[in-house]
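Here's the structure, in structure tokens; my notes come after.
Every number here is computed from the coordinates shown, using simple stated rules; none is lab data. These numbers were taken from a predicted model, which means no experiment stands behind them. For neighbour counting, all protein chains shown are included, and Cβ atoms are generated from backbone atoms with ideal geometry for every residue, glycine included.
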Amino acid sequence: MIKVAVIFANGTEEIEALTPVDIVRRCENAICDIVSVNGEFPKGSHGIVVKADKLSEQVNFDDYHALVIPGGMPGAVNIANDKDVSRALKNASNDGKVVASICASPAVVLADKGLIKGKKATCYPAPIFIDKMKDCCFTSVDVEVDGKLITANGPKSAMPFALEICKALGINPKF
């Protein structure tokens, strides 16, 4: 069974989090958990309250095949500041697992932790984020795949981002 964790925080961009959840949950032999860093009912950047399946401090991230980091502000900062998630992202990257990040998160979460160094990656096309991508080969495409690293540029790319996650995991959604 393929297991995916989508991290959610107060201020997360809902479409970037919930699209991968929806698409992965349409796949046979796959489980997708919404893992919150801000309690059982975090509120997204557009005021949508989400019920988390699990809390970050209660999960063993090593059990997951993929970690998905949505963007949104201050959601990306809240995720970046979570020590359990930071440790999990480093372990997943070192273990060759899928790490997927969209919008602000490639810059705010991954770049600051050195997790995109030397890789092709994209992010939300604003100078404040692009400037943080100096250690990678920044591309301006909607979705970038470099091995097990999947990055995307924002809400408009949520569906192709989710489909690339499935492709990397070898699972197929049923529509």
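On full extension of the chain, what length is gained from ASP142 through LYS90, given 0.36 nm per residue of separation minus the C-alpha to C-alpha distance? Write down the numbers at each step before the final one.
Working: separation 52, 0.36 × 52 = 18.72 nm, distance 2.42 nm.
Length difference between fully extended and current span is 16.3 nm.
In 5 Å bins starting at zero, report the fraction of Cα pairs in the stretch 23-129 per bin as a rounded %.
Computed distribution, short to long bins: 2, 12, 22, 25, 21, 13, 5, 0.
Could you tell me whether the stretch 121-175 comes out rounded, prolate or oblate from its Cα gyration tensor? Rule is a ≥ b ≥ c as square roots of the eigenvalues, rounded for a/c under 1.5, then prolate if a/b exceeds b/c, otherwise oblate.
oblate
Could you work out which residue, out of GLY39, GLY154, GLY11, moves most in a Gaussian network model of the chain, that is, has the largest mean-square fluctuation with Cα springs under 10 Å?
GLY39
In the structure shown, do any of LYS148/LYS174; LYS3/LYS148; LYS3/LYS132; LYS97/LYS117 have a Cα-Cα gap over 26 Å, and if so which? Each step should come with its number before you reach the end.
Numbers: LYS148/LYS174 23 Å; LYS3/LYS148 15 Å; LYS3/LYS132 30 Å; LYS97/LYS117 16 Å.
Going by Cα-Cα distance, LYS3/LYS132 fall outside the 26 Å limit.
Roughly how big is the stretch 1-127's charge dipole about its Cα centre, with Cβ charges of +1 (Lys, Arg) and -1 (Asp, Glu), in debye to the nearest 20?
On the way: 14 positive and 15 negative charges, 79 e Å.
It works out to roughly 380 debye.
Under a Cβ-only charge scheme (Lys and Arg +1, Asp and Glu -1), can you give me the dipole magnitude of the stretch 71-175 about the Cα centre, in debye to the nearest 20? Show your work: numbers first, answer last.
Numbers: 14 positive and 10 negative charges, 39 e Å.
For this selection, approximately 180 debye.
At 7 Å along Cα-to-Cβ for each site, give me the label-to-label distance between ASP112 and ILE130 in nm.
Computed distance between label sites ASP112 and ILE130 equals 2.1 nm.
Calculated FRET efficiency, HIS46 and LYS83, Cβ-Cβ r, R0 30 Å, to nearest 0.05?
Numbers: r = 27 Å, r/R0 = 0.90.
E(calc), rounded to 0.05, equals 0.65.
Tell me, how many Å apart are the Cα centres for the stretch 35-95 and for the stretch 97-175?
The stretch 35-95 and the stretch 97-175 have Cα centres spaced 16 Å from each other.
In deg cm²/dmol, rounded to 500, what helix-only [θ] at 222 nm does the chain give when every DSSP H run of at least 4 residues adds -39500 (n - 2.57) and the total is split over its residues? If you can, show how the numbers build up before the last one.
Values: 5 runs with 46 residues, N = 175.
Dividing the helical sum by the residues of the chain leaves -7500 deg cm²/dmol.
Could the peptides 28-38, 57-67 be put in order, highest first, of the mean number of other beta-carbon atoms found within 10 Å of their residues? Each step should come with its number before you reach the end.
Numbers: 28-38: 19.5, 57-67: 16.0.
For the peptides 28-38, 57-67, the packing ranking is 28-38, 57-67.
Please name which of GLY96, ILE128, ASN38 has its Cα lying farthest along the dipole of the chain towards the positive end, using unit charges on Cβ (Lys, Arg +1; Asp, Glu -1) and the Cα centre as origin.
About the Cα centre, the residue reaching furthest to the positive side is GLY96.
Among ILE7, PRO160, ILE116, pick out the residue whose Cα is farthest towards the positive end of the charge dipole of the stretch 2-169, where Lys and Arg carry +1 and Asp and Glu carry -1 on C-beta, about the Cα centre.
ILE116
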